[in-house]
Amino acid sequence: MAAGGKSVSELKLSCRCGKVKGVAEASANVGNRLICYCSSCQNFPRKLGAEDAVLDEHGGTDIYQMPPANLRFTEGTENIRCLKHTDKGLLRWYAGCCDTPLANAPAGMPFVGLLHACDTEPALRDEKLGPVRSYAFPEEAKGSLPPECKGGLVRLIARFLCQMLWWRVQGKATPHPFFDASGEPIATPEVRA
């Protein structure tokens, strides 16, 4: 149980080949689930040859925004790699052993955007993480999205900003699975435009 009596599920994680494994403490009350259609989120799995494992039919990525302290890797951290699309771009994390996309996690911000590609129980995603709260950048989606896949982003951003502040106050910004105690990335970011 989480603080305040809110139930938290254990989400087991693994890369495709099984060398990188981890656990996330998650629930709809703790984090936010969204589908992002931005070109950068579409580009990330393409660079790894993992489009089929990540992108939906409209180019969307299922992401769960969570506090860093709620994610830990139990095996294979030496295989974790980092890339970004530009010098100042968002840091995107993957398992270098099999090119499985893992997460988005920018330096200096107390959150991790966990990608569904490493979730070992995708059929339980709705049950463990709750429904999708919002859809980001629907204008960059491929094809026409259903009306329910538009909107809600402003409300999600406001919630998310409050959550990041609360996670920092609660001490959930650290330990961070992708940054060391001095705030340096655990893997040198590679720029792949």
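Annotations
- Extension gain, GLU127 to GLU57, is 23.0 nm, computed as 0.36 nm per intervening residue step minus the present C-alpha separation.
- With protein chains left intact and a 1.4 Å probe, residues in the chain average 49 Å² of accessible area per residue.
- GLU10 paired with ASN29, simple spin-label distance in nm, labels 7 Å along Cα-to-beta-carbon: 1.9 nm
- Overall form of region 1-80 per C-alpha gyration tensor (a/c, 1.5; a/b vs b/c): oblate
- Between VAL169 and ALA107, the contour length at 0.36 nm per residue exceeds the Cα-Cα span by 20.5 nm.
- For region 90-144, the square roots of the Cα gyration tensor eigenvalues, ordered a ≥ b ≥ c, give a/c below 1.5, which places it in the rounded category.
- Per-pair calculated FRET efficiency, R0 = 35 Å: ALA193 and THR74 via Cβ, rounded to 0.05: 0.60
- Using a probe of 1.4 Å, the accessible surface attributed to CYS98 totals some 30 Å² when neighbouring protein chains are kept in position.
- Accessible area of region 1-80 belonging to carbon and sulfur atoms, whole % at 1.4 Å probe: 42 percent
- TYR135 contributes an accessible area of around 40 Å² to the protein surface, as traced by a 1.4 Å probe with all chains present.
- Derived scalar couplings between HN and Hα for region 18-32 equal x, 6, 9, 9, x, 9, 10, 8, 9, 5, 5, 7, 8, x, 10 Hz in order, rounded to whole Hz, by the Karplus curve 6.51 cos²θ - 1.76 cosθ + 1.60 (θ = phi - 60°), x for Gly and Pro.
- As a length-normalised measure over Cα pairs under 8 Å and 6 or more apart, the relative contact order of the chain settles at 28 percent.
- A Gaussian network model of the chain, with springs between Cα atoms under 10 Å, assigns the largest mean-square fluctuation among PRO106, PRO175, PRO122 to PRO122.
- Spin-label pair ASP180/THR86, simplified geometry with 7 Å Cα→Cβ offset, distance in nm: 2.9 nm
- Solvent-accessible area of ARG168 with every protein chain in place, 1.4 Å probe, in Å² to the nearest 10: 130 Å²
- One compactness figure for the chain is 0.96, namely its Cα radius of gyration divided by 2.2 N^0.38 Å.
The values are calculated or read from the model by the stated rules, or taken from the named source; none is laboratory data. The shown structure was predicted, so the numbers you read here are calculated from the model rather than taken from an experiment. A quick note on method: Cβ atoms are made from the backbone with ideal geometry, for glycine too, and the neighbour counts reach across all protein chains shown. Note: areas computed on protein heavy atoms with side chains; ligands, DNA, RNA excluded. Shrake-Rupley method; radii C 1.70, N 1.55, O 1.52, S 1.80 Å.
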